[in-house]
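Report on the structure given below.
The values are calculated or read from the model by the stated rules, or taken from the named source; none is laboratory data. Worth saying up front: this structure is predicted, and the values here are computed from it rather than measured. For neighbour counting, all protein chains shown are included, and Cβ atoms are generated from backbone atoms with ideal geometry for every residue, glycine included. Side chains included, ligands, DNA and RNA excluded: accessible areas come from the protein's heavy atoms. Shrake-Rupley method; radii C 1.70, N 1.55, O 1.52, S 1.80 Å.
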Amino acid sequence: MSRAPSVARAIVVHLSCTLAMLAPITPASAHQPGASYLEVELEGARAQVRWDIALRDLHYALGLDRDGDGAITWGELRGRHPAIAGLALAGLRIAAGERTCATGLVRHLVEHRGDGGYAVLRFTADCGARGPDTLEYRLFATLDPSHRGLARIAANGRVTSAVLGPDRPALSLAAGARPWTAVATDYAREGVRHVWLGIDHLAFLVTLLLPAVLLRAGRDWVPRSGGRAVAIDAVAVVTAFTVAHSITLGAAVLADVSLPARPVEVAIAATVIVAALNNLVPFAPARRWLLAFALGLVHGLGFAGALAELGLPAGARLLALAAFNLGVEAGQLAVVAVLLPALYLLRRRPLYRPLVLGLGSAAVALLGGGWLVERAFDLQVWPV
Amino acid sequence: MHRRGDSPWRSRCQGVLTAILAWLVATTAPAAPFVPAEDDLVLERLPRVAVGLGTGQQAAADVGRGALSAAIARAGDLIAAGRAEGDPRYLGYAQGVLAPWWDETDPPTSVRLLRARIRQARHDFAGALEDLDAVLAARPGDAHAWLLKAGIEQVQGNLAAARRSCAALHRRMAPLVVATCASRVDGLTGAAGRGYRRLQGALWRAPSADPAVMQWSLGTLAELAAALGDADAAERHYREALAAGGRDVGLLARYADFLLDRGRPAEVLALLDGETRADGLLLRLALAERVTGSPAFRDHRAELAVRFEAARQRGLRAHLRAAARAALHLADRPREALMLALDGWSIHREPADARIVLEAALAAGQSRAARPVAQWVQANGTEGEPLRALVGAVLGKGAP
């Protein structure tokens, strides 16, 4: 056929070429070329494998639609199970050192995914004495060079993911897992960063701590006498804030909930104003811990938004969440540790109440008001 | 004083906890694999265009080192199938068919043209243009190369170059193709009215054009009408376009956007019922489901998130605009949406790319970040709402 292309063939070539060339002018509507999903769980010397391979890809490789009606049925698929297992197992090598691990019987299932039907293969690779250390992926490497295997490797409770294809077929299972300490350090650092850069959280906490070195007496404040009472008050406020924002942060992240960023940010600005006003016109002077708790719930939603934008590593969500939260706590405790002794030393100065508590709180209220307007109406009020 | 101060917090607190409970309840469980009980259960439907394509093993047998023309024909069919279905795996198959020549620095010109097409679809515009320039150096009058080049220059926002490439098609392609190419550029440079009239005239003169070309032209006419604010004409042309040719997911996606913009999500649900395969259609479906409060919304949003994450892991770039729209309008994450949209804008500059940048920036309260994009749209004179209103909103605020 190729030696003597007919006129009809030439016309087909021309037409399909025109069709093909029109495409750039219309936007692409799907974005991911073919992929299979490979889940490998390492247990000692064995690897449990679940492998989801698109039926469209298997059809292109093997021709599954026997009656040519455009539909692949379970009967048609079942008849080709040996060929499918042969193709798949030739495209995957799990090895311990030089030795290829023996694969057991393949169980065939199917699954519907949003992007089509998938054949699901389950099997065990047995590596004998020692655990597998290498995985090589070559499925469809010649039929579709853009095909990739999206692999998830679970070992000792940790999960790593990798994209495997002709340009990078091999994955080292031993070094594949990132140590959990590295993940934890990353997220803890991000937690600290978020508190220190997002000064609204700090403004809120500092404002609540300003009166900790004082005692409400009638319509006035008097300096507390001992450090013990100051510490109890400060610990109550900080703990309440921490518990509250941990609750909403944890709930929002674990439930995989995304809140609209804007209302949350507006609400956080409002909490700053409320905290500052409570210093100027105290409506809950002795129960600032309660205020810290109630409003801290809102701040937790803000932290959740920040964490959501970072993304959580698959399989280490709890670890990352805990590390991020600890980072947040460490960041705020560092500030408290510097601030509180200073306030304690200053508390008897005559200017503490008018200047630090009064003017300071007024400035924070103003700052919070500016944030509120900025975030609610998308305006630039403050230069930063 | 205490009581009065306490109660609003308590109610706010209860509100937050109620909301959290609602989310906890609404989490979704993924489908589990199973062994079907019946042999005639249909597990997958192949696109009509793919049924006659044969298998890759047949292709490998047909296409030897010496069988260039067979490979070219097969790759062209596969690319056309990918376009109709919006399924990029067919582009990968086409690459596989062209494998013997793919990695050559100077492959045969006909291979280079198809390689350019595949690279373009993957948003590797630099690689595609390099191939096209080589094709045009060898065959200066190659109309297909000029058409593809015009399309790339247009989505890159290189509109003066796109106009020149469209002009090069003159007398090398059917007048309707030339007119459509030029009218698209008109629509982006403040001359949508002229483009509409030009294209309408060309359609009059070509009543029996190739169905795919007809569909493309009518779809362009609909976009121009929408940019001119004539929703009735746009509606009519979209329907004509859908009826004119075979399945085209890009056209379906744009018609769905048109309906969404007009506040007609129920019609999008009907138009895209069951269209979960192509990301672009699933996105529009989820957008409509959110507005109508459909129960399938959460599953579809989660499915899109999984696919965009996979695309990100693979280092792909063609998904950025859709991912930005999902982040902003499905997940309410304007800052994330803005980053994705700006990333997309750096490689792809159509009105829809500008629009999502502006929307995300306004929602994130970072309109400054979108000022260069707004100025770019203004300088080109691109018409159409809501783009113009968004440009006004961005440039009206925070001005020095």
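Would you report the distance distribution of C-alpha pairs in the range B:119-158 as whole percents per 5 angstrom bin, up to the bin with the largest distance?
With 5 Å bins starting at 0, P(r) equals 6, 27, 35, 22, 9, 0.
So what's Rg/Rh here for the range A:203-347, counting alpha carbon atoms and using the Kirkwood radius for Rh?
Taking Rg over the Kirkwood Rh, I get 1.02.
Using the heavy atoms of the protein chains alone and a 1.4 angstrom probe, what is the accessible area of chain A per residue in square angstrom?
43 Å²
Working only with C-alpha atoms, what are the Rg and Dmax values of chain B, expressed in angstrom?
Answer for chain B, Rg first and Dmax second: 23.6, 91 Å.
Once you have all Cα-Cα distances for chain A, histogram them in 10 Å bins from zero and send the whole-percent values.
Per 10 Å bin, starting at zero, the Cα-Cα P(r) for chain A comes out as 4, 17, 19, 16, 13, 12, 10, 5, 2, 1, 0 percent.
Cβ under 11 Å from B:R119's Cβ, B:R119 left aside: what net charge do those residues give with Lys, Arg +1 and Asp, Glu -1? Mind dumping the intermediate values first?
Values: positive: B:R112, B:R115, B:R117, B:R122; negative: B:D124, B:E130, B:D131.
Counting the neighbours of B:R119, the net charge comes to +1.
In nm, give the distance between the simple-model label positions of A:R107 and B:E130, each being 7 Å from the Cα along the Cα-to-Cβ direction.
Rounded to a tenth, the inter-label distance reads 4.9 nm.
Residues of A:114-125, mean number of Cβ from any other protein chain within 10 Å of their own Cβ, rounded to a whole number?
Across the residues of A:114-125, the mean count of other-chain Cβ atoms within 10 Å is 4.
With a 1.4 Å probe and all protein chains kept in place, how much accessible area does B:T180 have, in Å² rounded to the nearest 10?
0 Å²
Rank these by accessible area, largest first, 1.4 Å probe: A:V243, A:V257.
From most accessible down to least: A:V243, A:V257.
Quick one: ranking A:W51, B:W102 by accessible area, 1.4 Å probe, largest first, what do you get?
Largest accessible area first, the list is B:W102, A:W51.
Rule-of-thumb check for the protein assembly as shown: C-alpha Rg over 2.2 N^0.38 Å?
That ratio works out to 1.10.
Against the globular-protein guess of 2.2 N^0.38 Å, express the Cα radius of gyration of the range A:135-224 as a ratio, rounded to two decimals.
Cα Rg divided by the expected 2.2 N^0.38 Å: 2.16.
Sort out the exposed loop GluC sites (Glu not before Pro) in chain B (DSSP loop, at most 15 other Cβ within 10 Å) and tell me the longest stretch that has none.
The answer is B:105-400.
Pop the C-beta distance of B:E309 and A:L351 into the FRET formula with R0 = 56 Å and round what comes out to the nearest 0.05.
For R0 = 56 Å, the calculated efficiency reads 0.50.
Which of the residues in the range A:68-108 show a loss of at least 50 Å² in accessible area from their chain by itself to the complete set of protein chains, at a probe of 1.4 Å?
A:G70, A:I72, A:W74
Go through the range B:68-94 and flag every residue whose accessible area shrinks by 50 Å² or more with all protein chains in place compared to the isolated chain (probe 1.4 Å).
Buried on complex formation: B:A73, B:R83, B:P88, B:R89, B:Y93.
Which one, A:H299, A:H194, A:H81, has the greatest fluctuation when you compute a Gaussian network model over chain A with C-alpha springs under 10 angstrom?
Sorting by GNM fluctuation, first place goes to A:H81.
Report, in order of residue number, the helices in chain B meeting two criteria: a C-alpha extent of 15 Å or more along the helix axis, and a mean Kyte-Doolittle hydropathy of at least -0.5; treat each whole DSSP H run as one helix.
Sorted by number, the helices that extend far enough and score high enough are B:2-25, B:68-85, B:109-121, B:125-138, B:143-155, B:175-188, B:211-227, B:249-261, B:279-292, B:334-345, B:351-364.
If DNA, RNA and ligands are ignored and the probe is 1.4 Å, what is the ranking of A:S172, A:S361, A:S225 by accessible area, most exposed first?
Numbers: A:S172 60, A:S361 0, A:S225 95 Å².
Heavy-atom accessible area, descending, gives A:S225, A:S172, A:S361.
Before rounding to the nearest 500, sum -39500 (n - 2.57) across all DSSP H runs of length at least 4 in chain B and divide by the residue total; then give [θ] at 222 nm in deg cm²/dmol.
-21500 deg cm²/dmol
Let me know the charge dipole size of chain A about its Cα centre in debye, to the nearest 20, where only the beta-carbon of Lys, Arg (+1) and Asp, Glu (-1) is charged. It would help to have the intermediate numbers written out before the result.
Values: 35 positive and 28 negative charges, 224 e Å.
Dipole magnitude for chain A comes out near 1080 debye.
Over its Cα atoms, what ratio of radius of gyration to 2.2 N^0.38 Å does the range B:78-191 give? Don't jump to the answer; show the numbers that get you there.
Details: Rg = 14.3 Å, N = 114, 2.2 N^0.38 = 13.3 Å.
Against the compact-globule rule of thumb, the ratio is 1.07.
Mind grabbing the interface size between A and B? I mean buried accessible area, both sides, 1.4 Å probe, in Å² to the nearest hundred.
Details: alone 20960 and 21370 Å², together 33240 Å².
The summed interface area works out to 9100 Å².
With a 1.4 Å probe and all protein chains left in place, how much of the accessible area of the protein assembly as shown comes from carbon and sulfur atoms, in whole percent?
59 percent
Lys and Arg at +1, Asp and Glu at -1: add these up for the other residues within a Cβ distance under 13 Å of A:R168 and post the number.
That works out to +1.
I'd like to check one number: the per residue accessible area of chain B, probe 1.4 Å, reported in Å² as a whole number.
Per-residue value: 42 Å².
Mean-square fluctuation check for chain A, GNM, Cα pairs under 10 Å: which of A:G300, A:G68, A:G198 is largest?
A:G68
Given springs between every Cα pair under 10 Å in a Gaussian network model of chain A, which of A:V110, A:V192, A:V364 has the largest fluctuation?
Among A:V110, A:V192, A:V364, the largest mean-square fluctuation in the Gaussian network model of chain A belongs to A:V110.
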